[in-house]
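In what follows, a structure is listed as structure tokens, so that the remarks can point back to it.
Where a number appears in this text, it was derived from the coordinates with a stated rule and is not lab data. Because the structure is predicted, anything quoted here is derived from the model rather than measured. Cβ coordinates were reconstructed from backbone atoms using ideal geometry, including for glycine residues, and neighbour counts include every protein chain displayed.
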Amino acid sequence: ADNAASATDPEEGTETTEESESNEGNDGDTIKVGILHSLSGTMAISETSVQQAELLAIEEINENGGVLGKQLEPVIEDGASDWPTFAEKANKLLQQDEVATIFGGWTSASRKAMLPVVEEHNGLLFYPVQYEGMEDSPNIFYTGAAPNQQIVPAVDWLLENRGDSFFLLGSDYVFPRTANAAIRAQLENEGAELVGEEYTPLGHTDYNTVIAKIRNENPDVIFNTLNGDSNVAFFKQLKDAGITSDDITVLSVSVAEEEIKGIGADVIEGHLTSWNYYQTTDTPENEEFVASYQAEYGEDAVTADPIEAGYFGVYLWAKAVEEAGTTDVDEVREAAKGITFDAPNGTVTIDGDNQHVYKTVRIGEVQSDGMISELWQTEEPVKPDPYLDEYDWASDLSESLAE
Amino acid sequence: MSQAVLKLKKVIVDFSGFKAINQLDFAVQPTSVHFVIGPNGAGKTTLLDVVCGKTKATTGEIKLQERKELSKLTEDQIVHQGISRKFQAPSIFQNLTVIDNLEISMKQKKNLFSMIKAKWTNEQKKKINEMLELVGLKKVQHQQAGSLAHGQKQWLEIAMVLMQEPDIVLLDEPIAGMSKKERNKTGELITKIAKDRAVLIVEHDMDFVKEYADIVSVMHEGQLLFEGSMEEVQKDPTVREVYLGRKVEENVVN
Amino acid sequence: MNEIILTLFNGISLGSILLLIALGLAITFGLMNVINMAHGELIMVGAYITYVIQTIFMNYAPPEYFDLYFIISIPVALIVAAGIGMLLEVSLIRHLYKRPLDSLLATWGVGLILQQTARSIFGAPNVGVTSPSFLTGGLEVGSLILPYSRLFILGLSIVCLFSIFYYFYRTASGRRVRAVMQNRQMAECLGVSTRKVDMLTFAIGSGFAGVAGCALTLLGAIGPTIGTSYIIDAFMVVVVGGVGALFGAVSGAFGIGILNTIFEYVTNATLGKVLIFIVIIAFLQWRPSGLVMSRSRSLD
Amino acid sequence: MLSIKGLEAGYEESMVIREIDMDVKENQVICVMGRNGVGKSTLLKTIIGILHPKKGSIHYQSEDITNARSSSRAQKGIGYVPQGREIFPKLTVYENLLIGLEAGNQKKVDEKIYDYFPILKDFAKRNGGDLSGGQQQQLAIARALVSNPSFLLLDEPTEGIQPNIVQEIQDVIVDIKNTSATSMILVEQNLDFVKSVADYLYVIDHGLVVYENPIDQVKDDEVYRYLSV
Amino acid sequence: MQNTIYQKLLSQRVIFSLIFLLLLAAPLFMSDFRLNLLGKFLAFAILAIGLDLLWGYTGVLSLGHGIFFGLGAYCMAMYLKLEATGGKLPDFMAWSGMGELPLIWIPFQFPIIAILLGILIPAIVALFLGYLTFRNRISGVYFTILSQALVLVVVTLFVGSQNLTGGTSGLTNFKTLFGFQVNAASTQTAFYLITVVVLGLVFFACRKLIKGRFGKILVGIRDGENRMRFLGYNPSAYKTFIYTLSAAIAGLAGMLFVLQVGIISPTMIGIIPSIEMVLWVALGGRGTLIGPIIGAVLVNAAKTGFSESYPDIWTYFLGLLFVLVVVFLPKGITGLFEKWSDRRKKQDVSSSVEVEKSYS
Ligand SMILES: Nc1ncnc2c1ncn2[C@@H]1O[C@H](COP(=O)(O)OP(=O)(O)OP(=O)(O)O)[C@@H](O)[C@H]1O
Ligand SMILES: Nc1ncnc2c1ncn2[C@@H]1O[C@H](COP(=O)(O)OP(=O)(O)OP(=O)(O)O)[C@@H](O)[C@H]1O
Ligand SMILES: NC(N)=O
Ligand SMILES: [Mg+2]
Ligand SMILES: [Mg+2]
């Protein structure tokens, strides 16, 4: 409804500015919340299902009486896989619609585009995807994994179980490059061998040459930080080149159930992933979640880590608001500290120090049916450590980054 | 005879094996109406092409006033050397008005920066008006050139050539598609402008050539077959055989 | 030694892929001068057709016949894409022949619509296509493995190339096409039905885009934006080869393919792209109108 | 055979020919003269269908073709040699001729075409665009003849052609006239040429027929008066 | 005829001035957010003018102007970034293991230099590419596709050298300019007004350029490049000049964009934006200068409007918009006005010819 406002109508602009600045989005009997993902462009392949999960959560919350007795009213915008657009839309949501919070983003680039906007207007952003860390904005809640909740343990596990010569392959942007910087330090510290490091532009489709290089180096492990389409090309061509998971293990940190559908289970079967959640994760909350998600979006719809992170992000915010008794950002931020929620992946807790969440780390192996079966998991949720302060091999990294 | 304004020595133009012009020696005298005739495909247009730089000679030299070697220059540089050319098929600027066409053709500094600050001078206005009168396009001066009839286009292009005030004018079949009246007009115009410049004309209309030629060169298979006055040309047996044919012979006889 | 052979093979393979995606364009763009920005989306159509047919086979055909889906997909993709192309020509392109640049804009819009349509029908996420078993694995040559899928695409592109060449340069219908493209009005005056010719030609060009899409399912992702990742390469190939010159496109494709692979091998994917561009610029210094130049006497 | 009634045509708003009536009989050669820009080419363009008349009708073999597409007119046997040649530059000379065959029903180029224009045989493999002006003009005529049209539209066919070939074209026209039932409309500037081939003469001025007569009754001075007004 | 032309200028003058005043008054009746959007659109409009000089008047179609826009934008952004980090190394450099500030960043510590470079660098790049291509008479579609390849390469380079450019994320999170808070509402309004003024200046300058003889020469080059050579002109020089000029204008637009949007990233300068830029010009009506301005604003307004109203299917409407405009408004939106006043009938007649020429 609110969306239908025309872009060029000045009247409508003035009205909104006249409205009271406090108690964002909390007018009348509904609370407006922004949903900002790429619904068009290349990133739509990943982000649309996260958006669906967030809408599902909102629907559930509304059915159970909403928040502060008010219904949540999602305001949906399209980031269009274009970072300046993310900034523009975030601006629109905060200034025009005065939403109480934004759920959105996938790529780190989109998050970095929204960061100054939410900080400028003191808004809130719940960001649902694993990322490179080195960030803790007071206006952002990070519900995806920090490096120490996904990458660092994965490397440890691989060194223990699969060998110690690594080949790093990633898309050419901030997440893979930063992640790999950390991995390099970690490998060096462990005395493991780094035999190659390759980056391909996002959307790259021909991996013959990369595979040729891999063949030459013949590593034990490929640590894969490719994002999006490229994964499909890479895995298909890897298989065609006759390299199977028995020859070289590929561990991916941006390939989940959703992506596997596009790659084809037969192609990626036997390779590994590192996440905090799988559709197969065995908790009562997950059974419920998967059931209702599939009820909403079809039998063969799959759930995945970012989808789940988007989903429980909404609940975390809702709990915080109830706690605070208002949608006012500063009060919500305060109230959020230490809030916990029984998410499908287990109990998650917001870490007051950095606004990330405690999460359980899980290494999994892709099955022939496209599901991922857990090989290993941490006993309990891991404290988020975006700057890798706990690891002295990362000290150089994090020092140079203290902004 | 005074010394030639334009001299070609041993010029060859080779199109992947086919010699459109073959070892041609050729000279143009100042202030003369010099016709070039010859069978279709003899190399007349190609001759004009090499002179104005559209086609590069494979070998040989093309000298202006005995000094300037043309074959090294680009088309626009050659124009500034004082050689302007009208093409066989009228090529004018369809989307500009008649007067605009003349405006950009007229003699002036044509480099980038003098153009940016180019202004109309009264003298320029006068020149263009005279030219419009001369070629009888006054009435249509504000029409899009694209909407002119074939003949009118021919006139416009001639006017564009003259606006450049060249020392040597190259005309490729200027009266093609013109009616008698206009042919005569064109002829008179040519005689007039030839008073202080050389005019080199390719033409097939013998009556026209006969009436206005000072000197006629006959080309055949890329070479000079014969050169002289029209009378001499018409008497020459080979020329008649390869080119003129019976009808012209008849009216030579009587 | 092995490395050299492998790199060469990869180069040729990449070349054949480029050729396949450029062939359709060499017709609609090279011959007809229509800058069809929706070409990539026609490739997408071909890819989704393959997906649909595969799904049908999965659900209704006996497993032992599953592999047939791919064989069937190729002609179906060709026909469907050609059909869409024909529709496009009749409803839109036809009115724009006098304004080739406008066709760029209109087809861009069409591309957007097609993408969104795919998203609405098949959903935003990528869909998966299982390669037929006879195209998985590869041919072992010494210690190298040449993937069957690559060999197949190489073969396919060559077959397409020759059928196109034969059609345009050896058949009356093809001659008509070339005549119409050079002087539509005069061709009409000589009794050639330019409408039929235009429609047919554009359909053929689009059809081959469909075939390319079908083949690409062997290599990469199948999603709404698959087209955009290939379209520019396709245009480059046509230009380097020389617009309107079919064999130019061939040399362009393999030239770019091999060089790109070599560059990428000795440097990385990013630098590889850059070097290719520099080479192309340098190349056009030497051959301003593409590999296969076509002189003409006319002024413009 | 061809009858034009009250024909009006032109470009956008500018009416170029107005109220033209014309009747061409079987095997008759009509000649159209007029100063530059009076609408001769426009008339032919309208007959072949490049331009669509604003008013009036065109009947061919008692069939209304006023709104037919050019291609179908060509199929019905109307051949056209445009002013300015309109060769297919990147088709070889031979291919240009083959396109000419599209209108007719025979499959191969008749040898007599090469008898008319020998160079077309010598240059068969060369690109049409590379030919010289006159060669192109000859090709344009030949291209119209190969399909043995029953009706020919010739727009200044001798433009840019060497004298002895002009005579040959003259002979060709006469030959066609004598050996077939073909009719022609011929636009020409040279009255002598006209008199040697035409049966009937129209003079057009400002899009109107201002003078018409059977050729044997045509008086030069009358014609020249109209041509030079 | 003469005086109808006079009338036309008169009427146009009036219209232009009105639009201009309206834009200047916009801050009085528009919300900060909308004003900021409008400011962004107007920055695009500036670029569109330059593109129209190149395409509409000179017949050279560049599908690569995003690059020049981007170069300008990045120059400004680099300064802003250094301001924001206050002497310290920008975060992305740290991650990609840069020791100290790389050489090419040094000049951008000084705002004036940064602004100058924001115009110069695009111009120089264009001059270089233009010279190499036009000199060899690479034209028409060859140039167009090359310009597109340029985009591909520059974007790949920008993404690839994260340590220098911030990679895919681009540059964002700015703080101050000349001590003013860039994100403050007042500063933003100032930026908006500056944009309007620059737009006005660029527009009237370009208009002066093409109304004169120079403009006719450009049209001549567009319709008959080779013929111009035989009139004694060297088209390559003219084309290179216009290409360079339009690149400089694009750079200018890019800087104003960054100031108002607060981020620049490769996605903003890539293939798709570059094509959209051409669409603005075509939609508004090429070869009119005013058309592209209208086009840029309308297309982007439509984009925003559609995507806000139908976030999940808005691209349908955008696509449809392009198709319909091309089919029903061959001369763009300004073509409509011309239809009403049939003064310029003749030009409509031959507009088809002109485009044909510029591409065949
Ligand atoms: N680019 C080219 N490639 C091949 N042959 C060419 C080319 N240009 C010209 N020719 C040939 O060169 C010869 C001379 O051509 P040119 O146009 O000079 O003849 P011309 O004397 O002007 O004839 P016309 O009187 O018919 O105009 C012709 O046989 C023509 O076919
Ligand atoms: N494409 C066009 N658009 C607009 N007007 C045109 C066009 N072509 C010709 N005209 C106009 O139509 C009139 C007649 O042109 P047309 O070519 O029929 O004359 P013509 O009798 O053939 O002259 P010529 O003997 O020179 O060939 C001319 O005044 C010309 O201005
Ligand atoms: N945070 C990521 N995967 O970009
Ligand atoms: Mg000639
Ligand atoms: Mg005529």
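Worth pointing out:
- Using the Cβ-Cβ distance between A:D342 and C:I56 with R0 = 51 Å, the FRET efficiency computed as 1/(1 + (r/R0)^6) comes to roughly 0.75.
- Hz values of 3J(HN,Hα) by residue in the stretch A:198-212 - Karplus curve (6.51, -1.76, 1.60), Gly and Pro given as x: 10, 10, 10, x, 3, x, 4, 10, 10, 9, 3, 5, 4, 4, 4
- Taking Cβ atoms as reference points and 11 Å as the exclusive limit, the residues near A:G69 contribute a net charge of -1, counting Lys and Arg as +1 and Asp and Glu as -1.
- For A:E73, the residues whose modelled amide H falls within less than 5 Å of its own, excluding neighbours fewer than 5 places apart on the same chain, are A:I31, A:K32, A:V33.
- Summary of the geometry: the stretch E:153-214 and the stretch A:37-74, compared by the centres of their Cα atoms, lie 35 Å apart.
- Helix content alone sets the calculated 222 nm mean residue ellipticity of chain B: runs of n ≥ 4 DSSP H residues at -39500 (n - 2.57) each, divided across all residues, give -10000 deg cm²/dmol.
- Relative to the Cα centre, the charge distribution of the stretch B:158-236, modelled as +1 at Lys and Arg Cβ and -1 at Asp and Glu Cβ, gives a dipole magnitude of about 380 debye.
- Charge dipole (debye, nearest 20) of the stretch D:83-181; +1 at Cβ of Lys and Arg, -1 at Cβ of Asp and Glu: 340
- Scanning residues 5 or more positions from D:Y200 or on other chains, those with amide H under 5 Å from its amide H are D:V29, D:C31, D:I215, with H placed 1.01 Å from N in the peptide plane.
- Low-density loop cleavage sites - chymotrypsin sites (Phe, Trp or Tyr not before Pro) in the stretch C:118-220, where at most 16 other Cβ are within 10 Å (DSSP): none
- Scaled against 2.2 N^0.38 Å for its residue count N, the alpha carbon radius of gyration of the stretch B:104-254 is 1.26.
- Radius 15 Å from Cβ of C:F134, net charge of other residues (Lys, Arg +1; Asp, Glu -1): -2
- Furthest towards positive pole of dipole, A:N62, A:S49, A:A320, structure part chain A, Cβ charges: A:S49
- Interatomic Cα distance distribution for the stretch B:17-176, bins of 5 angstrom, percent: 2, 8, 16, 19, 19, 15, 11, 7, 3, 1, 0
- Within the straight-line cut-off of under 17 Å between alpha carbons, the lysines reachable from A:K213 are A:K236, A:K239, sequence neighbours fewer than 8 places apart in one chain being disregarded.
- Loop-located GluC sites (Glu not before Pro) in the stretch D:1-81 (DSSP state other than H, G, I, E, B) with a sparse environment of at most 13 neighbouring Cβ atoms within 10 Å: D:E12, D:E13, D:E26.
- At q = 0.26 Å⁻¹ the log10 of I(q)/I(0) for the stretch C:124-187 amounts to -1.05, computed by Debye summation with a single uniform scatterer per C-alpha, solvent ignored.
- 5 angstrom amide H check on E:T176, placed H, neighbours 5+ away: E:A84, E:V182
- Calculated Rg and Dmax of the stretch C:23-228 using C-alpha coordinates, Å: 18.4, 62
- Nearest-20 debye value, the protein assembly as shown charge dipole, Cβ charges on Lys, Arg, Asp, Glu: 10580
- Dmax and Rg, reported as Rg then Dmax, of the stretch E:216-340 (C-alpha, Å): 17.5, 56
- Crossing angle, helix B:150-163 versus chain B [Cα axis fit, 0-90 degrees, rounded to tens]: 80
- Spin-label model, D:E12/C:S133: points 7 Å from Cα along the beta carbon direction are separated by 6.9 nm.
- GNM flexibility winner over chain D from D:D110, D:D155, D:D199 (Cα, springs under 10 Å): D:D110
- Shape of the stretch A:28-94 from the C-alpha gyration tensor: oblate (a/c of 1.5 or more and a/b not above b/c, with a ≥ b ≥ c the square roots of its eigenvalues).
- Net charge contributed by nearby residues that have their C-beta within less than 12 Å of A:A301 (K/R +1, D/E -1): -4
- Ellipsoid semi-axes in whole angstrom, largest first, where each is sqrt(5λ) of the Cα gyration tensor of chain E: 34, 25, 19
- Normalising the Debye intensity of chain A to I(0), with uniform scatterers on Cα atoms only, and taking log10 at q = 0.07 Å⁻¹ returns -0.31.
- Anchor D:K219: aspartates and glutamates whose Cα lies under 17 Å away (excluding residues fewer than 8 positions away in-chain): D:E188, D:D192, D:D199
- Taking one quarter of the surface of the C-alpha convex hull of the stretch D:108-189 gives a mean projected area of 5.4 nm².
- FRET E, pair A:E288, E:F29, Förster distance 45 Å, beta-carbon r, rounded to 0.05: 0.30
- Compared with the dominant principal axis of the Cα atoms in chain A, helix A:305-324 is inclined by about 30°.
- Applying 1/(1 + (r/R0)^6) with r as the Cβ-Cβ distance of E:R207 and C:I5 and R0 = 45 angstrom yields a FRET efficiency of 0.15.
- Greater than 18 Å apart at Cα, pairs in B:K9/B:K44; C:K98/E:K331; D:K5/D:K40; B:K19/D:K112: B:K19/D:K112
- Residue among C:I71, C:I158, C:Y51 farthest towards the positive dipole end of the stretch C:23-228, charges placed on Cβ: C:I158
- Fraction of alpha-carbon pairs over 71 Å apart in the protein assembly as shown - percent: 16
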